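Novice: Sharing a structure below in structure tokens format, with a few things to ask.
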Amino acid sequence: MSNQLTITVLRIWFRFLLLTICLGAWLGCSSAFTASSNGLVKIGLKKRRLDLYSINAAKITRADTSYDTGIGYTASFEKPKADLVYLKNYLDTQYYGEVGIGSPPQSFTVVFDTGSSNLWVPSSKCVLSITCYFHSKFRARMSRTYTKIGIPCKIHYGSGSISGFFGQDHVKLGDGTIIDQEFVEVTREGFLAFLGTQFDGILGLGFQDIAVGQATPVWFNMVQQGHVSQKIFSLWLNRDPISELGGEIVFGGLDWRHFRGDHTYVPVTERGYWQIDVGDIFIDNKSTGMCEYGCAAIVDSGTSFLAGPTTVVTQINHAIGAQGIVSLECKSVVSNYGNLIWETLISGLRPEIICIDFGLCVYNNGSRTILETLVDDKVGNESTVDESALCTFCEMIVFWIQVQLKQQKAKEKIFKYVDELCERLPDPTGKSFLDCNAVTSMPHVSFTIANKSFPLSPEQYVVRVEQKYATICLSGFTALDVPPPQGPLWILGDVFLGAYHTVFDFGNLRVGFAKAA
């Protein structure tokens with residue numbers, strides 16, 4: 001009789017324990033989400049501390065939206081432009097939240113990324129990549145609503161690539177469930193640095209135009225399945241380094257607590273990315289010149305820094321005292337051609353043909369030689385520079401002198417300034433260091449959007465990286481050169497989005513900015 005009682009007690013205890021585990025798992029999965037009954041889905045974002053070894057410059061590669069059909073040939077998806085650029089280096093990402101995939105939901109931490117359009121997480125079939133063993137993996141056999149699509153795919157990023165195959169299952173966001181959502185089950189991760197990240201995958205919030213495999217993005221399905229009352233989502237990033245709360249993304253509306261005043265809206269100019277037009281960039285109310293007549297910009301929550309043309313970023317880094325590399329090649333162009341550039345500009349020759357007349361720029365099949373890397377490091381102390389580098393340095397110097405002439409500066413001061421700019425060219429790794437004690441004396445940098453100024457204070461554009469024994473300060477501006485017709489191009493990453501609460505208006509194809517609170 002006592003044995004039977006013991007067995008009964010053990011069964012009750014086991015059932016209670018099982019119930020507790022299931023309840024705990026359910027609460028754990030749902031605790032990151034909050035939802036209201038008025039068509040809003042709010043997701044709290046977590047924040048990963050940046051470290052010096054995981055920060056990289058923004059990079060670009062061509063979009064590879066091809067997939068292996070498995071029957072001996074490769075199919076490509078049609079895109080609006082043949083040479084659409086695909087932006088990403090996910091190792092810069094800092095903000096992430098949670099989603100559930102499958103029935104019952106399996107929990108994953110993902111980056112909510114407006115610069116891409118696919119949802120992907122590691123698969124249980126990822127056995128050859130060591131990084132997969134340090135992240136949650138989707139187990140298809142544990143979901144009763146899973147459908148295997150099986151089409152292989154590969155997604156390329158600036159730092160490597162991931163590959164896997166398409167599957168379909170329910171995705172849980174807040175109290176709502178998006179049914180039959182396509183996603184990528186990753187079986188191989190091509191960049192080792194992913195090992196150190198605290199997020200498992202990516203949830204892209206861009207347009208379907210840039211989705212690999214033309215998969216319908218999660219956000220589109222949320223709209224089509226009636227999970228939101230308005231066709232908008234909004235983003236607030238908390239830049240307070242002390243706070244554990246990383247921010248908040250609201251699907252279907254706004255959180256009024258996180259911004260002040262009205263939003264300034266600007267239309268989306270190219271579907272695919274959330275791409276807009278920006279005007280001139282100012283340093284303490286002084287024009288940097290290049291975007292005076294407009295530049296493209298992509299609003300990208302998946303990039304930590306603010307990336308833009310080297311010509312402008314160098315001016316900004318000079319003004320804020322950022323230390324990059326000393327470019328002897330740039331200085332040699334100033335030494336050998338500076339006076340000729342000065343004389344030809346004074347004489348009224350068109351600036352865009354000066355470097356061609358000097359023989360430093362050549363045209364191949366109607367397009368100018370593009371510099372791939374500013375500095376070609378060699379073994380030993382010698383450094384060589386090819387024709388494309390001379391061309392790029394020449395064009396930057398012409399531009400810098402032209403901007404200074406508009407400000408009626410004297411020749412001696414202009415050449416001193418240009419020489420200093422050469423010294424402040426961004427480091428090849430993308431990092432430009434600052435004196436943390438000088439932050440309060442640095443100038444404001446302002447972007448013009450919809451004919452309105454959006455200033456960034458030094459506290460907003462300086463990135464503080466906590467090391468073991470010290471705090472290192474980095475410039476929030478990094479170089480990214482995209483040639484026409486897509487460029488010049490800016491990436492408005494988290495440095496900008498932390499200062500301005502952002503509304504992504506899918507219904508009216510526009511983006512809105514208001515001061516973050």
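Novice: So, Pro241, is that one open to solvent by 60 Å² or more (accessible area, probe 1.4 Å) and either within 22 Å of the chain's Cα centre (by Cα) or in the same structural domain as Phe504 (by the TED database) (or both) or not?
Specialist: Against the criterion (open to solvent by 60 Å² or more (accessible area, probe 1.4 Å) and either within 22 Å of the chain's Cα centre (by Cα) or in the same structural domain as Phe504 (by the TED database) (or both)), Pro241 qualifies.
Novice: Out of all the residues in region 445-461, which are open to solvent by 10 Å² or more (accessible area, probe 1.4 Å) and in contact (Cβ under 8 Å) with a residue 12 or more places away in the chain?
Specialist: Ser446, Thr448, Ala450, Asn451, Lys452, Ser453, Ser457, Glu459, Gln460, listed by residue number.
Novice: Separate question: Return the total of residues in region 220-230 being touching a helix residue (DSSP H, G or I) at 6+ places or on another chain (Cβ under 7 Å) and either surrounded by fewer than 16 Cβ atoms within 10 Å (Cβ to Cβ) or among the hydroxyl-bearing types (Ser, Thr, Tyr) (or both).
Specialist: 0
Table: residues versus (1) assigned by the TED database to the domain that holds Ser124; (2) within 29 Å of Cys132 (Cα to Cα).
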residue: Gly201; (1), (2): yes, yes
residue: Phe207; (1), (2): yes, yes
residue: Asn221; (1), (2): yes, yes
residue: Trp236; (1), (2): no, no
residue: Glu248; (1), (2): no, yes
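Novice: Identify, from the list Gly213, Gly247, the residue that is in a helix (DSSP H, G or I), modelled with pLDDT under 95 and open to solvent by less than 40 Å² (accessible area, probe 1.4 Å).
Specialist: Of Gly213, Gly247, the one residue that is in a helix (DSSP H, G or I), modelled with pLDDT under 95 and open to solvent by less than 40 Å² (accessible area, probe 1.4 Å) is Gly213.
Novice: Okay, next question. State yes or no: is Thr177 assigned to a strand (DSSP E or B), open to solvent by 20 Å² or more (accessible area, probe 1.4 Å) and farther than 28 Å from Gly44 by Cα?
Specialist: Values: assigned to a strand (DSSP E or B): yes; open to solvent by 20 Å² or more (accessible area, probe 1.4 Å): yes; farther than 28 Å from Gly44 by Cα: no.
No: the conditions fail for Thr177.
The values are calculated or read from the model by the stated rules, or taken from the named source; none is laboratory data. These numbers come from a predicted model, not from an experiment. Note: ideal-geometry Cβ built from the backbone for every residue, glycine included; neighbour counts use all protein chains shown. Remember, those area values only see protein heavy atoms, side chains included, never the ligands or the DNA or RNA. Shrake-Rupley method; radii C 1.70, N 1.55, O 1.52, S 1.80 Å.
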